[in-house]
Each structure stands twice: as structure tokens, then as C-alpha cells.
Amino acid sequence: MKTRNFMKLITPSAAIYLWIIAVMDAFLLYYNFVAGIAGAIVLTYLMYYNRSSIYSRKKQLTEYMENISFNVGKNIKDILVHLPFPLVVTEEEGSINWYNSKFSEIIGEKIILGRNIKDYFESLEIESIMKEKEDMEMEVTTTDRHYRAMCNIVKTKEKRLCIIYFVDVTYSVNIKKCYRDSRPVLFIIHVDSYEEILQSTDTASRPLLVAEIDKKINKWVEEVQGYVRKYDDDKYIVFMEQRYLPSLQDRKFDILDDIRNISVGNSISPTLSIGVGVGGDNFLQLNEFARAAKDLAQGRGGDQAVVKNREKLYFYGGKTREVEKRTKVKSRVMAHALRQLINQSKKVLIMTHKMADPDCLGAAMGMYRGIKTLGKDARIIMNAPNPSIEILYSRIMEDDEYKTLFIDCKDAQLVAGDDTLIIIVDTHRPGYTECPDILDKVSNLAIIDHHRRSADFIKEAALVYQETYASSTCELVTEILQYITDDVKLRPIEAEALMAGIFVDTKNFTFKTGVRTFEAASFLRRMGADTTSVKQLFQDDINTFIGKAETVMNARIIRDTIAISICAENVKNHLIVTAQAADELLKIQGIKAAFVICRYNGSVYISGRSLGEVNVQLIAEKLGGGGHLTVAGAQLEDVDIEEAKQILLKAIEEYMDENIKEGDF
């Protein structure tokens with residue numbers, strides 16, 4: 001490049017020569033006029049010749065370049081037309097500007113210029129493609145083929161065009177689908193309350209019951225070409241290909257209904273807890289997924305299937321009430337295990353859930369007495385009382401022994417350490433505890449709860465006593481106290497606190513009340529609980545009663561079976577009115593479920609109640625809450641009352657539509 005520039009500098013152009021001749025001719029005219037005229041004629045001829053030569057060379061160069069452009073354009077056009085890949089050019093709005101023969105082949109019909117590309121590929125969002133600054137790829141499909149569409153944006157002076165190349169990836173997509181469909185899925189199936197079901201069946205019919213369960217499970221697995229092996233009286237393991245799982249999910253695991261409908265002389269309907277492991281890297285991981293799903297199904301009360309696909313969980317079933325276990329073996333085992341944890345810990349803290357209710361506070365008081373009986377000191381983590389426990393809390397604080405019993409979250413974090421045991425009562429969800437941050441600071445956690453297990457349960461607990469059949473956490477704690485030590489003695493206020501929890505959660509021994517519930521109440525009565533005194537804990541003042549009546553009066557009925565109401569903001573004791581109004585709405589003829597909404601401390605609370613036909617727990621879980629089949633609730637943040645109502649209505653409609661498909665309504 002430098003040499004070329006140098007040669008241009010040392011090689012004068014024709015114009016310079018002409019200028020030199022002109023100067024010399026001027027001198028010649030001055031000294032010899034005739035010779036100067038002759039020189040001028042020669043100069044004129046040279047200038048004309050130079051100009052003609054330049055014009056001729058430019059014309060030849062132009063013709064040469066035009067010939068090259070024509071040949072190149074023709075070749076490129078031939079290449080594009082006969083390109084082995086389908087190609088189409090579209091306008092910004094998607095109208096087809098040009099296409100090659102391969103594109104018309106994959107469409108299989110005559111293509112009209114100007115027609116929108118989405119008429120042939122619905123999933124091809126040309127508008128979003130044109131908004132992108134860089135080229136992009138996406139997958140599109142026709143009836144039976146799959147393509148990778150590679151989109152290039154071309155800018156012209158007048159407009160922007162999109163050039164789309166299509167690469168057929170049908171084979172690789174089919175290979176992936178075949179691989180995905182053939183991957184193994186592991187089922188672990190348990191028959192719920194197997195011993196109780198057998199005991200409810202006369203001796204002659206028990207073999208028929210077992211045979212009928214086996215027959216239905218084997219037939220169900222055979223329909224999806226799976227393999228089933230019974231490895232215990234009430235336990236099965238099933239393998240099948242993943243291609244069959246979507247159909248089982250679409251049918252809502254109808255095996256649950258088939259098993260529930262078995263009737264061969266049994267007074268208790270058999271139910272299943274099914275855990276499904278999907279998407280594991282190997283069989284060991286599949287087994288972990290399936291076992292975790294099965295434990296979750298059992299923790300939610302059984303009669304349901306839980307599918308665990310890595311971190312995602314899907315729930316099916318859960319329509320029936322839990323079967324009460326007659327034996328107290330598990331209570332005794334849990335009490336002994338809890339006693340060991342307490343004895344080996346230097347510090348013991350009892351933690352309630354946020355907005356503690358009588359069941360939560362009563363269970364905490366019961367555990368406090370059990371720990372004190374074992375010779376250990378204990379404190380209860382509760383930030384502040386709320387209206388639902390205000391009377392009970394004030395009665396507790398009248399006793400000097402309890403003056404320092406309650407500590408807030410801030411003080412608890414200073415006390416807790418590696419040698420601390422925290423016993424969590426009436427919840428199993430970390431976000432619902434009074435102090436979630438403290439959970440990572442201790443080495444041992446114990447959970448006592450009666451709610452159906454949610455997906456976000458505390459997984460690091462050393463001991464979990466979660467029985468969904470129980471009426472309340474107070475019932476479970478009362479049973480533990482009878483086995484944790486031989487000489488436990490409850491003070492009257494502690495016994496009444498436990499009794500109050502049972503009263504509230506059973507609606508005065510109306511809901512979820514079993515034999516063991518009355519046995520627990522009998523024990524508390526012997527410990528000095530006065531039922532009259534307990535009932536006085538829930539007496540309402542006139543304003544609360546009026547607020548409850550107005551809330552019931554303003555209820556709206558949807559689908560002829562579900563009542564929804566809103567507690568006015570000027571009502572005193574919002575949470576109490578909300579819960580009581582939901583209970584009162586169930587007394588209306590034809591109402592199967594009731595929901596009441598209120599605003600308290602900047603949040604919106606929703607209380608749900610049902611008579612059992614509607615699973616309010618499943619509705620509450622759609623809102624981020626939880627609970628039981630008949631009692632559930634949720635808390636919503638950053639929404640107003642009307643927004644919360646619309647969210648609730650949407651959740652109810654989704655639940656009802658799902659159950660209508662199943663034929664329940």
C-alpha cells in the first residue's frame with residue numbers, strides 16, 4: 001500500500017504534462033508568435049485526446065462493473081431460489097414479500113404474496129422478532145414437522161425486512177420426545193390407616209378387601225403398561241414410562257376414587273397416599289423424589305397423589321376427612337423422642353406462629369409445663385398478643401410464674417445458640433413462624449402440628465409430629481404430656497389453655513372430634529380445666545357480636561353453595577369477627593363453604609370454613625395459605641380488600657371448575 005502511494009507521487013498525471021506544455025507555449029508565443037500558434041494547436045489536440053481517453057476508460061469500466069453485478073445478482077438469485085433450506089422474506093407486519101421453492105414445499109399449498117406469515121406458522125411472532133436488535137432463533141411447527149426458524153433483520157432505505165430461514169429439526173425433536181417419554185417414573189403407594197381399615201371390616205371380609213385393593217391397583221398399572229410390586233401389606237412400588245403420566249394427571253389419578261369406593265363390609269373407606277418421582281437423574285434420585293412426595297401426601301391427610309418433578313410439586317385428590325388412629329403408639333414414641341431432645345439441650349424455646357390463636361398458645365403452655373416437669377427452663381417466643389387470645393393471655397399474665405415466660409423475636413435471637421432446642425407448635429411452615437430468622441441459628445428443631453403439610457415445610461427438623469387426623473395441636477400436646485413423664489401435673493390455667501385450643505378448633509366438639517379428642521379433654525378435666533371458665537374466654541362484647549351479625553348479613557352467595565363476605569374496617573376485633581362469621585355462615589341451609597375477608601395491620605386475612613364437601617385447604621393454598629379440609633386461611637400482602645376478593649373468587653372458580661370436571665358438583 002505504501003509503495004502504491006509512493007508510485008502515485010513520483011508518477012505525474014497527464015494534467016501536469018498539459019500544464020507544463022501550456023506554460024512553455026506561452027513563452028513561445030512571447031518570443032515567436034507563429035511557433036506559439038502551432039504549439040497552441042498541438043496543446044488543444046492533446047487536451048481533446050486526453051479527455052476522450054478518460055471518458056472511454058470510464059465507460060469501459062462502468063460496463064465491466066455492470067456486467068459483474070449482473071452476473072453476481074443472477075447467480076445469487078439462482079442460489080436463493082434453489083437453496084436447500086426454506087427461505088421467506090416478510091415485511092415488518094409479517095406480510096410475505098418473497099419466498100423460494102423449498103418454502104412452498106413445506107407449506108404444501110399455493111402461497112399468496114402479501115399474506116401474513118402467521119397464517120402458515122401461528123407460533124411465529126413476527127412483531128416481536130422485528131423489535132429485537134439482534135438476529136434470533138425460535139422453534140415453529142406445522143402439522144407434523146418441526147423447524148428452527150433463524151430470523152435476520154435487513155434494513156433498506158425505505159423499510160425493514162425479515163429474512164427467515166427454516167431448518168428441519170423434526171428428527172431431533174422426535175428423538176428428544178422419545179427419550180423423554182421413555183424415561184422412568186417411580187410411584188410409591190401406601191394404603192392409609194391400613195390397620196384401622198382392617199379392624200373396621202369383619203374377619204370374613206378382610207381377605208376380600210385386601211384382594212380388591214390389589215386387583216384395582218394392578219389393573220390401573222396394567223392399563224399404562226407399568227410394573228407393580230407389593231413389598232408390604234399396605235405398600236406398593238410402581239414403575240412406568242413418563243409418556244403415561246400426563247394421562248393420569250388429566251384423569252386426576254382416578255385410582256383414588258376407585259379405591260375409595262371399595263365396599264366389602266368395611267365401615268371405613270380405604271384411601272391411598274401416592275408419591276410420584278419424575279425427572280430424576282437416576283433411580284436413587286427418583287426414589288428420593290417419590291418418598292418425599294409420598295410423605296407430603298400422608299402429611300396432608302392422605303387420599304391424594306403428589307407428583308414431585310424436581311422442585312415442582314403437583315397435588316391431586318385430598319377430598320376425604322382423615323381417619324382417626326385408635327392406637328397411641330406413635331404418641332408414646334414421639335413423647336420419648338422429644339424427652340431425649342429436651343434432656344440433651346441446654347436451652348429450650350417454644351415458638352408459636354404469627355398471629356397466635358388459642359390452639360397455638362394452649363399448645364405452647366402445655367409444652368412449657370412438660371419441659372418444666374423434666375427439670376428444664378423454657379421460654380415462649382411470641383412478639384405480642386392479638387385480639388383472638390387477648391383474654392387468655394391476660395389471664396395467664398396474672399400469675400407471677402409467667403411474668404418472664406414470653407419473649408419477642410429480638411430477645412430470642414440473643415438467647416438461641418447451637419445448644420438450643422426450638423419446639424414449633426401449630427405450624428410447619430418457616431414463613432409462618434413468629435421468628436423465621438432464628439431457625440438457622442439452632443441445631444435442633446421439633447415440630448408439633450395438626451395441619452395438612454404444605455410444600456414449603458421445615459425440612460431440617462430433628463423431630464416432626466404431624467397428625468392431620470387430630471382435632472388440634474392441643475390434642476397432640478395433651479397426649480404427649482401423658483407419656484413424656486409419669487408425674488406431669490398441669491396447673492389449672494395451663495389445662496384450660498389446652499382445653500381452649502381444642503374448643504376453638506373443634507367448634508365446641510362439633511368438627512373433627514374423635515374418640516381421642518374426648519380422651520384428651522377428659523385428661524384436661526382431671527387436671528383442673530373448668531369448662532365454664534374456658535367458655536368465658538370466648539365471650540364477645542356487644543360490638544363484636546354486632547360486627548359478626550353485620551358481616552353475616554352482607555354475605556354474597558356464589559354457585560348457590562359458597563358464601564363470601566367482607567368484615568367492615570370499623571369493626572372491633574377483626575380477626576375474631578372474621579373467623580366467627582365464617583363459622584356462622586355455615587349454619588345457613590345449602591351453604592357448603594364460607595369465606596370472610598378482613599384487613600388487619602396492613603394485611604388482608606381470609607378465613608375459610610366448610611362442612612367437608614368443599615376442601616377449603618386447596619383453595620387457601622392457591623392464595624399462598626393452608627390449613628385443613630374444613631378450616632383454612634390465607635394472608636395477602638400489598639392488596640386492598642376488593643383486589644383480595646377478586647383473587648379469592650378466581651381461586652374458588654378454579655377449584656370448583658376442577659371438581660365439576662371430576663363430577664363432584
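Let's see if you can work this out: charge +1 on each Lys and Arg Cβ, -1 on each Asp and Glu Cβ, no other charges. What is the dipole magnitude of region 139-237 about its Cα centre, in debye to the nearest 20? Intermediate values should be presented prior to the final figure.
Details: 17 positive and 16 negative charges, 265 e Å.
Dipole about the Cα centre, nearest 20: 1280 debye.
I need the phi-derived Karplus couplings for region 190-203: 6.51 cos²θ - 1.76 cosθ + 1.60, θ = phi - 60°, integer Hz, Gly and Pro marked x.
Computed from phi, the couplings for region 190-203 are 10, 7, 5, 6, 4, 5, 5, 5, 5, 5, 7, 10, 5, 4 Hz.
In this model, which of Lys308/Lys622; Lys459/Lys512; Lys347/Lys410; Lys328/Lys441; Lys376/Lys403 are farther than 22 Å apart at the alpha-carbon?
Numbers: Lys308/Lys622 18 Å; Lys459/Lys512 27 Å; Lys347/Lys410 16 Å; Lys328/Lys441 33 Å; Lys376/Lys403 17 Å.
Correct reply: Lys459/Lys512; Lys328/Lys441.
Please compute the contact order of region 334-384 in relative form: average sequence separation of alpha-carbon pairs under 8 Å and at least six residues apart, divided by the residue count, as a percent. Each step should come with its number before you reach the end.
Working: 44 pairs, mean separation 23.0, N = 51.
So the answer I get is 45 percent.
Under a 5 Å amide H to amide H cut-off, with H placed in plane at 1.01 Å, what residues pair with Ile424 once short-range neighbours are removed?
Hits under the 5 Å cutoff: Met351, Ala446, Ile447, Ile448.
Once you put a point 7 Å from the Cα of Lys403 and another 7 Å from the Cα of Ala204, both along the Cβ direction, what distance in nm separates them?
Taking the two extended label points, one gets 7.1 nm.
Of Ser182, Thr517, Val154, which is farthest towards the positive pole of the chain's charge dipole, taken about the Cα centre with +1 and -1 on the beta-carbons of Lys, Arg and Asp, Glu respectively?
Among Ser182, Thr517, Val154, the one farthest towards the positive end of the dipole of the chain is Val154.
Between Arg180 and Tyr45, with labels modelled 7 Å along Cα→Cβ, what's the label distance in nm to one decimal, could you check?
8.7
Translational diffusion coefficient, Stokes-Einstein: compute it for region 102-216 using the Kirkwood radius over C-alpha pairs as Rh, at 20 °C and 1.002 mPa s, and state it as an integer in µm² s⁻¹.
Values: Rh = 19.6 Å.
Calculated translational D: 109 µm²/s.
Assuming 1.567 mPa s and 4 °C, estimate D for region 421-548 with Stokes-Einstein, Rh taken as the Kirkwood radius over Cα pairs, in µm²/s. Show your work: numbers first, answer last.
Values: Rh = 16.1 Å.
After rounding, the answer is 81 µm²/s.
When you have a sec, figure out the Kirkwood radius of region 539-616 from all distinct Cα pair distances and drop it here in Å to one decimal?
Working: mean 1/r = 0.0814 Å⁻¹.
In region 539-616 this quantity evaluates to 12.3 Å.
Net charge within 10 Å of Ala335 by Cβ-Cβ distance, Lys/Arg positive one each and Asp/Glu negative one each, not counting Ala335 itself?
+3
Quick one: what do you get for region 398-443 if you divide its Cα Rg by 2.2 N^0.38 Å?
In units of the globular-protein estimate, region 398-443 measures up at 1.26.
Order these peptides, 597-609, 101-113, by their mean beta-carbon neighbour count within 10 angstrom, highest first. Each step should come with its number before you reach the end.
Details: 597-609: 20.9, 101-113: 12.5.
Top to bottom by mean Cβ count within 10 Å: 597-609, 101-113.
At a Förster distance of 30 Å, what's the computed FRET efficiency of Phe283 paired with Val329, Cβ-Cβ distance as r, to 0.05?
Numbers: r = 33 Å, r/R0 = 1.09.
FRET efficiency, Phe283 to Val329: 0.35.
Out of all DSSP beta bridges in the chain, what portion is antiparallel? Express it as a percent rounded to 5.
Numbers: 68 of 99 bridges.
Looking only at bridges with both residues in the chain, the antiparallel portion is about 70 percent.
Could you tell me which Cys residues in the chain have no other cysteine's Cβ under 4.7 Å from their own Cβ, answering none if every one has a partner?
When partners are defined as cysteine Cβ atoms under 4.7 Å apart, the chain leaves Cys151, Cys162, Cys178, Cys360, Cys474 without one.
If a/c stays under 1.5 just call it rounded; otherwise compare a/b with b/c (prolate if a/b is bigger, oblate if not). Do that for region 356-494, with a ≥ b ≥ c from the square roots of the Cα gyration tensor eigenvalues.
Rounded.
Helix-only mean residue ellipticity at 222 nm, the chain, DSSP H runs n ≥ 4 weighted -39,500 (n - 2.57), per residue, nearest 500. What is it? Don't skip to the answer; put the middle values down first.
Values: 23 runs with 297 residues, N = 665.
Only helices count here, giving -14000 deg cm²/dmol.
Taking Cα pairs under 8 Å and at least six residues apart, what relative contact order does the chain come out at, in percent?
7
Can you give me the span-like helices of the chain, meaning DSSP H runs with 15 Å or more of Cα extent along the axis and Kyte-Doolittle mean at or above -0.5?
Working: long enough: 14-31 (26 Å, 1.82); 33-81 (72 Å, 0.18); 170-181 (16 Å, -1.02); 206-223 (26 Å, -0.52); 283-299 (24 Å, -0.12); 329-343 (21 Å, 0.14); 358-373 (22 Å, 0.09); 473-484 (16 Å, 0.84); 492-506 (21 Å, 0.93); 515-526 (17 Å, -0.11); 542-553 (16 Å, 0.58); 574-585 (16 Å, 0.61); 641-661 (30 Å, -0.47).
Span-like helices here: 14-31, 33-81, 283-299, 329-343, 358-373, 473-484, 492-506, 515-526, 542-553, 574-585, 641-661.
What is the calculated FRET efficiency for Lys159 to Glu109, with r their C-beta to C-beta distance and R₀ = 25 Å, to the nearest 0.05?
Details: r = 27 Å, r/R0 = 1.08.
Working from the Cβ atoms, E equals 0.40.
Report which label in (i) 308; (ii) 269; (iii) 184 holds the value of volume of the Cα convex hull per residue in Å³ derived from the coordinates of this structure.
Computed from these coordinates, volume of the Cα convex hull per residue in Å³ corresponds to label (i).
Quickly rank 139-146, 254-261, 428-435 as a protection proxy: mean count of other C-beta atoms within 10 Å, highest first. It would help to have the intermediate numbers written out before the result.
Numbers: 139-146: 12.9, 254-261: 17.1, 428-435: 20.8.
Packing order, densest peptide first, comes out as 428-435, 254-261, 139-146.
Under 20 Å from a point placed 7 Å out from the Cα of Phe509 along the Cα-to-Cβ direction: which residues of region 353-394 have their backbone N that close?
358-359, 362-363
Would you work out the charge dipole size for region 481-595 about its Cα centre, treating the Cβ of every Lys and Arg as +1 and the Cβ of every Asp and Glu as -1, and quote it to the nearest 20 debye? Present the calculation step by step, with values, prior to reporting the outcome.
Values: 14 positive and 14 negative charges, 64 e Å.
In total the dipole reaches around 300 debye.
Please name whichever of Ile480, Ile591, Val169 sits farthest to the positive end of the charge dipole of the chain, dipole taken about the Cα centre and charges placed at Cβ: Lys and Arg +1, Asp and Glu -1.
Towards the positive end, the residue furthest out is Val169.
So what is the accessible area of the chain per residue, in Å², with the probe set to 1.4 Å? Provide the component values of the computation, followed by the final result.
Numbers: 34220 Å² over 665 residues.
For the chain, the per-residue accessible area is 51 Å².
Under unit Cβ charges (Lys, Arg +1; Asp, Glu -1), what dipole magnitude, rounded to 20 debye, does the chain have relative to its Cα centre?
Numbers: 85 positive and 94 negative charges, 468 e Å.
About 2240 debye.
So how much slack lies between Phe518 and Glu637, counting 0.36 nm per residue of separation and subtracting their Cα-Cα distance, in nm?
On the way: separation 119, 0.36 × 119 = 42.84 nm, distance 3.85 nm.
Separation in residues times 0.36 nm, less the Cα-Cα distance, equals 39.0 nm.
With a ≥ b ≥ c the root eigenvalues of the C-alpha gyration tensor of region 533-665, is it rounded (a/c under 1.5), prolate (a/b larger than b/c) or oblate? Kindly include the intermediate steps, with their values, before the conclusion.
Details: a/c = 1.81, a/b = 1.41, b/c = 1.28.
It comes out prolate by the Cα gyration axes.
Just the C-alpha atoms of region 494-537: what Rg/Rh do they give, with Rh taken as the Kirkwood radius? Can you show the working numbers first?
Working: Rg = 9.4 Å, Rh = 10.2 Å.
Result: Rg/Rh = 0.93.
For Glu127 and Asp560, calculate 0.36 nm times their separation in residues minus their Cα-Cα distance, and state this gained length in nm to one decimal.
Working: separation 433, 0.36 × 433 = 155.88 nm, distance 4.54 nm.
Result: 151.3 nm gained on full extension.
Which aspartates and glutamates have a Cα less than 13 Å from the Cα of Lys230, not counting those fewer than 8 places away in the same chain?
Result set, ordered by chain and number: Asp214.
Ignoring ligands, DNA and RNA, what percent of the accessible area of the chain is carbon or sulfur (1.4 Å)?
Working: 18270 of 34220 Å².
Carbon with sulfur: 53 percent of the solvent-accessible area.
Please report the relative contact order for region 92-237, taking Cα pairs under 8 Å with a sequence separation of at least 6, and give it as a percent rounded to a whole number.
Details: 138 pairs, mean separation 20.0, N = 146.
RCO, region 92-237: 14 percent.
What nm distance separates the two modelled labels at Asp419 and Leu374, each placed 7 Å from Cα along Cα→Cβ?
It works out to 1.6 nm between the two label points.
In whole Hz, with x marking every Gly and Pro, tabulate ³J(HN,Hα) for region 95-106 from phi via Karplus 6.51 cos²θ - 1.76 cosθ + 1.60, θ = phi - 60°.
These are the phi-based 3J(HN,Hα) values: 5, 6, 9, 6, 8, 9, 5, 5, 5, 5, 5, 6 Hz.
What does the highest-first list of 444-456, 115-127 look like by mean Cβ count within 10 Å? Please report the intermediate quantities before stating the final value.
On the way: 444-456: 22.5, 115-127: 16.2.
Peptide ranking by packing, descending: 444-456, 115-127.
The values are calculated or read from the model by the stated rules, or taken from the named source; none is laboratory data. These figures come from a predicted structure and were not determined experimentally. Glycine also receives a Cβ, built like all others from the backbone with ideal geometry; neighbour counts cover every protein chain displayed. Ligands, DNA and RNA are excluded from the accessible area calculation, which covers all protein heavy atoms including side chains. Shrake-Rupley method; radii C 1.70, N 1.55, O 1.52, S 1.80 Å.
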